[in-house]
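Engineer: The structure that follows is given in the form of structure tokens.
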Amino acid sequence: MTHDVKETFSGEAPPAPAALAAKVRTLSPSMTRSMQRVAEAVAGDPAGCAALTVTGLAELTGTSEATVVRTARLLGYPGYRDLRLALAGLAAQQQSGRAPSVTADIAVDDPVADVVAKLAHDERQTLADTAAALDTVQLGAVAAACATARRIDVYGVGASGLVAQDLVQKLLRIGLIAHAHGDPHLAVTNAVQLRSGDVALAITHSGSTGDVIEPLRVAFEHGATTVAITGRPDGPVSQYADHVLTTSTARESELRPAAMSSRTSQLLVVDCLFTCVTQRTYETAAPALAASYEALAHRHSPRTTR
């Protein structure tokens, strides 16, 4: 079985009001500039925008009614009416004092305590944004495919390669056959061997890493179920993916490279995926985990001297 290259993705349940700002941060890079103006307006002033008609919001942002509706749908709402209801809910939460705090970037002369506090805040925000953007329908479909796969290949380079290795070592411990390919040549030559019933996952924050896209394309063309874990769902990698799991868009600064927050987001996604796979394979996964723990137990026990 082979696939046709596609450009559309399945929808997901409308996000809760509290997740709207996170959704905007995550999806903004994939929007047109006019859609970004609409998204920034509703995230910046939910109370004000909730009082506007679709025509009023279009006039406020210098866009069109069609752009407002497209933005609402991209954010996960069936239409503008649903977005207005979410905006009203978000405004009510903010007025009750539960608005999220904003933390400045880390400065060169920040005390250690401030560095820890700011990084902890950013990590929490990254996790919240990731959870808000993650399509649970897509996640469930990927978990189901992995649970019954003959073989699972995972592609990633650099920081994403470390995440690929993390996922593979987890899958191996529940008895699944999985491989992490950091060498791009080896990834392609192995992708050629994949077929229907196999799964190939590509992890790339930018969505445009050639060394990751190429083996995914080969796997896609050979009939494997393909998955992209990416911060850019509109990126080139997605055209070869049956399923797309969106990670949070990194907030980069001089002392906080994008790879730091993208890794946090990717690790949450693969942890969610692994847990869902384990649920679906529990009868075999539980004994496999127990066996792996037992095999390593002696390495964690204090050694006795003779």
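Engineer: Right, ALA191: farther than 23 Å from ARG25 by Cβ, open to solvent by 20 Å² or more (accessible area, probe 1.4 Å) and over 15 Å from the mean Cα position of the chain (by Cα) or not?
Structural biologist: It is false that ALA191 is farther than 23 Å from ARG25 by Cβ, open to solvent by 20 Å² or more (accessible area, probe 1.4 Å) and over 15 Å from the mean Cα position of the chain (by Cα).
Engineer: Here's something else I'd like to know. Out of all the residues in segment 32-57, which are in contact with an Asp or Glu (Cβ under 9 Å, 6 or more places away or on another chain) and either buried (at least 22 other Cβ atoms within 10 Å of the Cβ) or touching a residue at least 40 places away in the same chain (Cβ under 8 Å) (or both)?
Structural biologist: Across segment 32-57, the qualifying residue is only LEU57.
Engineer: From ASP211, ASP242, ASP183, which residue is of a type in the set (D, E, K, R), open to solvent by 10 Å² or more (accessible area, probe 1.4 Å) and free of Cβ contacts under 8 Å to residues at least 12 places away in the same chain?
Structural biologist: Exactly one residue qualifies, and that residue is ASP183.
Engineer: Any idea which of SER34, SER10 is at pLDDT below 70 and either assigned to a helix (DSSP H, G or I) or under 16 Å from the mean Cα position of the chain (by Cα) (or both)?
Structural biologist: Answer to the check: SER10.
Engineer: In segment 194-208, which residues are surrounded by fewer than 16 Cβ atoms within 10 Å (Cβ to Cβ) and under 20 Å from ALA144 (Cβ atoms)?
Structural biologist: ARG195, SER196, GLY197, listed by residue number.
Engineer: Still on this structure: Can you pull out the helices (runs of 4 or more DSSP H) entirely within segment 41-99 that have at least 2 residues that are among the basic types (Lys, Arg)? Walk me through it before giving the result.
Structural biologist: Details: elements: 46-50, 54-61, 65-74, 80-93.
So the answer is 65-74, 80-93.
Engineer: A further question follows. Checking the condition at pLDDT 95 or above, hydrophobic (A, V, I, L, M, F, W, C), farther than 21 Å from ARG151 by Cβ and not in a strand (DSSP E or B), which residue from CYS276, CYS272 passes?
Structural biologist: Values: CYS276 fails: farther than 21 Å from ARG151 by Cβ.
Only one candidate qualifies: CYS272.
Engineer: What number of residues within segment 79-97 satisfy the criterion of being modelled with pLDDT under 85, open to solvent by 50 Å² or more (accessible area, probe 1.4 Å) and at negative phi?
Structural biologist: 5
Engineer: Could you please give the count of residues in segment 221-237 that are surrounded by fewer than 24 Cβ atoms within 10 Å (Cβ to Cβ) and in a helix (DSSP H, G or I)?
Structural biologist: 2
Engineer: Look through segment 126-150, keep the residues that are open to solvent by 50 Å² or more (accessible area, probe 1.4 Å) and not aliphatic (A, V, I, L, M), and return whichever of them is farthest from GLN193 (Cα to Cα).
Structural biologist: THR136
Engineer: Might you let me know whether segment 151-161 holds any residue that is more than 19 Å from ALA228 (Cα to Cα), in contact with a Cys (Cβ under 9 Å, 6 or more places away or on another chain) and either surrounded by fewer than 20 Cβ atoms within 10 Å (Cβ to Cβ) or among the aliphatic types (A, V, I, L, M) (or both)?
Structural biologist: no
The values are calculated or read from the model by the stated rules, or taken from the named source; none is laboratory data. Not measured: the values here are computed from a predicted model. So basically every Cβ, Gly included, is an ideal-geometry build from the backbone, and we count neighbours across all protein chains shown. To get the accessible areas, we keep the full protein, side chains included, count just its heavy atoms, and leave off ligands, DNA and RNA. Shrake-Rupley method; radii C 1.70, N 1.55, O 1.52, S 1.80 Å.
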